[in-house]
Amino acid sequence: MFSEEIADYRRVAVIRKMSASSTSDLSTPAAPSVRTASRTDPARVELWFRRGLLVVSAMVAVVLLASAGLMLWAQNEFAPPESVVSAHSQMLARDGTLYYSLKDYPYTVSAYMPIFYGLEATTIRLGIPAPTGGRLITFTALLSLIAMCWQVVLLYTKDRLAAWIAAILLAASPLMIYWGVVAQVDILAVSLAMTAFYFYSRDHVQATPHTLWLAGLFAGLALFTKQTMVAIPTAIFLLLCLRRDWKRAAGFALGFGGGMIVLVLAINAALDGRFLANTVFANLNPMSLAKFATQAQYLVGVCAGLLVVVAATLGFCFQKRTQAPLVYLACATLVFLATAPKIGSDTNYQLELAATLAVVAGVGLHQAEFFQKFFRGSQHWVTLLLLPLGVHVWIGARVGVNMLLTRVATEQMFRSEIDGLRQYVPASGAKVLSTDFNASARLHGRMDVEPLIYGLLVKAGRVDPEPVRRDLEHAAFSTVILDHDVFKPNASDDLELTALPPAQLDEIRRHYQLVAHVAGPYMDGAFVYKPKDSE
């Protein structure tokens, strides 16, 4: 992609030199020189603008490559959900099972659709340790997402500069830099969704035959990677309706919707109901306005420049040719508003919205004729959008560098913690109850009880807490690892902390003793408990 841009600005330089040479040969230089200056100045500005984009692209590439190098070096989690997914993928690779009954051990929820688990389990079977294999999948998906963003904007605008800007805005987003190397389902799901939008866009813009079914295929793959990826199929259906293509809209709704329903019900029946129990019913976590406020605050903080560009150029995009990205953005926004307040959600819920914002920003800049106005030196307000563009890239670079430094320091603390916990955690066999997901995945290779989701399900009355309480009473767990000292008051009422039911904590106090306190990167570290009659 960038090689084409290099060739473009070289051609601009050649044309400018030819213009200057022809001007110097004129016998009456005065009047023509003024006209020549007016012609060559835009070319000079465009040349330096392209050079600036190359520098910015190189900076973003350095941050992404440094993040990729770090993901290969780090052995421990970048985010707690990564360890949960890693543990489930290891269990799938080893035991061939993924979705579990909530009536017996293991009390853990495979909260996502099966594609990412299957891919990561495949890398484990090939000898690539978790979570490295999953991170390779995610980073590859990130590169594909950036390429698809470029292609989508190029398709709607036929403007390489607009596509280039959109790709930079996406790649420089702190959200992409952070989640782009995490062994989680989200980047892969968004990449598949953007690929689906690209194939739909070929049908929308070029009327290319047979691409609508490819759009449906990739939308289905996105949905079977993460079940909340409903924005893209909804957008495709709405766009077909807006085009008054009723026959194809009905065909897409019946084919895609019917196919997904049949496939989900078939898998659920084969697993005796465990599929929907894990992916739907166990995910019905409580909603919190405070959680939504936190999500919105972070989105505005890291995407402020991008949001300004989209808001300023939105009005230029309400044309028949360029309305499709707006519909996709609207659907992604609605999904974000519906899911971001959920307890347990993280900034990964913002990824699809951030990707569609980058696409709409690229299309909007082209429609507003930002590049032509800026190269001519126009004083139109649109040219001021260079400032929020620069702010977005600067925030991305700043947050990206800070994130890399933080991850290096956190990895070192994790390694020290794992060394301290290794002697207390059996590799297999005996049960372990741990609120430290990273330790469970690294040292135990599985999750016997996943306290966060387990605690929420117990409070909701969907899981019986008695089996775990009885096992604690009989000291059936060889090791219990908590994030606090149960023999001291713990007044926290944060729903996102991995708190066990009070009755189970009482059993730990009666039948277990604190044997170690290991410092770690989270809160007060890990508190290790062993049965009182153990040596």
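Among residues of the stretch 310-329 being modelled with pLDDT of 90 or more and of a type in the set (S, T, N, Q), the one that is surrounded by the most Cβ atoms within 10 Å (Cβ to Cβ) is Thr313. Inside the stretch 211-227, can you point out the residues that are aromatic (Phe, Trp, Tyr) and open to solvent by 40 Å² or more (accessible area, probe 1.4 Å)? Residues satisfying the conditions are Trp213, Phe218.
Tallying residues that are in contact (Cβ under 8 Å) with a residue 40 or more places away in the chain and touching a Leu at 6+ places or on another chain (Cβ under 8 Å) within the stretch 85-116 yields 10. Name every residue in the stretch 423-452 that is open to solvent by 30 Å² or more (accessible area, probe 1.4 Å), within 26 Å of Ala183 (Cβ to Cβ) and outside any loop (DSSP other than H, G, I, E, B), in order of residue number. Within the stretch 423-452, Tyr424, Lys431, Arg442, Leu452 qualify. Evaluating Thr234 against the criteria (1) open to solvent by 30 Å² or more (accessible area, probe 1.4 Å); (2) more than 30 Å from Gln297 (Cβ to Cβ); (3) part of a helix (DSSP H, G or I) leaves one unmet condition, (2). For the stretch 455-483, the candidate set comprises residues that are in contact with a helix residue (DSSP H, G or I) (Cβ under 8 Å, 6 or more places away or on another chain), open to solvent by less than 30 Å² (accessible area, probe 1.4 Å) and not in a loop (DSSP other than H, G, I, E, B); within that set, the residue that is modelled with the lowest pLDDT is Leu457.
For the stretch 195-211, a residue qualifies if it is aliphatic (A, V, I, L, M) and part of a helix (DSSP H, G or I), and the qualifying residues are Ala196, Val205.
Being closer than 21 Å to Phe197 by Cβ and either free of Cβ contacts under 8 Å to residues at least 40 places away in the same chain or buried (at least 17 other Cβ atoms within 10 Å of the Cβ) (or both) is a description that does not apply to Phe292. For the stretch 317-328, the count of residues that are closer than 26 Å to Pro81 by Cβ, out of contact with any strand residue (DSSP E or B) (no Cβ under 6 Å at 6 or more places or on another chain) and in a helix (DSSP H, G or I) is nonzero.
The listed residues are Ser89, Ser83, Ser110, and the only one of them that is in contact with a Gly (Cβ under 7 Å, 6 or more places away or on another chain), farther than 30 Å from Gln206 by Cα and buried (at least 20 other Cβ atoms within 10 Å of the Cβ) turns out to be Ser89. When Tyr105, Tyr117 are screened for being on the phi < 0 side of the Ramachandran plot and either β-branched (Val, Ile, Thr) or open to solvent by 10 Å² or more (accessible area, probe 1.4 Å) (or both), only Tyr105 passes. Hey, any hits in the stretch 179-202 for a residue that's at pLDDT below 95, surrounded by fewer than 24 Cβ atoms within 10 Å (Cβ to Cβ) and not basic (Lys, Arg)? No, the stretch 179-202 contains no residue that is at pLDDT below 95, surrounded by fewer than 24 Cβ atoms within 10 Å (Cβ to Cβ) and not basic (Lys, Arg). Checking every residue in the stretch 37-49 against the condition of being farther than 26 Å from Phe477 by Cα and open to solvent by less than 10 Å² (accessible area, probe 1.4 Å) gives at least one match. Applying the criterion of being within 35 Å of the chain's Cα centre (by Cα) and more than 17 Å from Leu456 (Cα to Cα) to the residues of the stretch 484-518, the residue that is modelled with the lowest pLDDT is Ala491. Taken over the stretch 254-289, residues that are small (Gly, Ala, Ser) and either at pLDDT below 90 or surrounded by 16 or more Cβ atoms within 10 Å (Cβ to Cβ) (or both) amount to 3.
The values are calculated or read from the model by the stated rules, or taken from the named source; none is laboratory data. Everything quoted here is computed from the prediction, not taken from an experiment. Here the Cβ is made from the backbone with ideal geometry for all residues, glycine too, and neighbour counts use every protein chain on show. Note: areas computed on protein heavy atoms with side chains; ligands, DNA, RNA excluded. Shrake-Rupley method; radii C 1.70, N 1.55, O 1.52, S 1.80 Å.
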